[in-house]
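The values are calculated or read from the model by the stated rules, or taken from the named source; none is laboratory data. On a predicted model such as this, the values are computed, not experimentally measured, just so you know. All Cβ positions, glycine included, derive from the backbone under ideal geometry; neighbour counts span all protein chains shown.
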Amino acid sequence: MPKMGNATAKAALGRSTWHFLHTMTLRFPDKPTKEQRKTLQTFFENFALLYPCGDCARHFQALIKELPPQTGSRMNSALWLCTVHNKVNERLGKPEFPCDKLDESYDCGCGDDPKASAGGTAPAA
Ligand code: FAD
């Protein structure tokens, strides 16, 4: 397979990463426990340190300092992520995404009711 150009590879990584992150927050429990909230917060702090695109990671670290991860509920975390993604969109000159359309855009294909996942951050497949 031919090697992708840098910009194409960066965009492909970004697109799949955002898809994963939005799907994850939309599966986060409606009523998370203290431990689940901490897990999500730590996840995003570590994610910001480890994201493979260095420039993106530095910017995202600053972004989550300004807008810390919201972990109080599924909608809280999903809307927070939509807002920070829109901040990245703004920086890159991309259109703002309507956050009220979030639920319609992301489906994990897990075949169960996401509302049933309130018992854990990683619902059974
Ligand atoms: P993407 O932004 O990848 O979005 C994919 C799809 O998600 C869109 O087509 C749309 O359907 C949906 N979407 C768009 N906005 C939202 C939203 N707010 N909420 C929910 N869904 C939405 N690239 C850089 O060049 N510089 C950077 O500094 C940079 N920082 C990044 C930081 C992070 C944490 C990540 C994950 C990616 C970053 N990227 C960066 C990559 C960049 O954000 C895009 O992923 C890439 O440019 C491809 O853009 P795209 O137009 O395909 O849409």
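I want to confirm something. Restricting to segment 44-83 and keeping residues that are in a loop (DSSP other than H, G, I, E, B) and either crowded, with 16+ Cβ neighbours inside 10 Å or among the hydrophobic types (A, V, I, L, M, F, W, C) (or both), which single residue is modelled with the lowest pLDDT?
Cys53
From the list Thr33, Thr39, which one is in contact (Cβ under 8 Å) with a residue 40 or more places away in the chain and more than 9 Å from the ligand (Cβ to nearest atom)?
The conditions single out Thr39.
Within segment 52-61, can one find any residue that is within 10 Å of the ligand (Cβ to nearest atom), small (Gly, Ala, Ser) and out of contact with any Phe, Trp or Tyr (no Cβ under 7 Å at 6 or more places or on another chain)?
Checked against the condition, which is being within 10 Å of the ligand (Cβ to nearest atom), small (Gly, Ala, Ser) and out of contact with any Phe, Trp or Tyr (no Cβ under 7 Å at 6 or more places or on another chain), segment 52-61 yields at least one hit.
Among the numbered conditions (1) at pLDDT below 95; (2) surrounded by 13 or more Cβ atoms within 10 Å (Cβ to Cβ); (3) small (Gly, Ala, Ser), tell me where Ala124 comes up short.
Condition (2) is where Ala124 drops out.
Show the residue pairs meeting these rules: Cβ distance below 6 Å; 6+ apart or different chains; first residue within segment 80-107 and within 19 Å of Phe20 (Cβ to Cβ) and without any contact (Cβ under 8 Å) to a residue 12 or more places away in the chain; second residue near the ligand (Cβ under 7 Å from one of its atoms) and in a loop (DSSP other than H, G, I, E, B).
none
Can you pull out the residues in segment 1-43 that are part of a helix (DSSP H, G or I) and either touching a strand residue (DSSP E or B) at 6+ places or on another chain (Cβ under 8 Å) or closer than 21 Å to Asp100 by Cβ (or both)?
Trp18, His19, Leu21, His22, Thr23, Met24, Thr25, listed by residue number.
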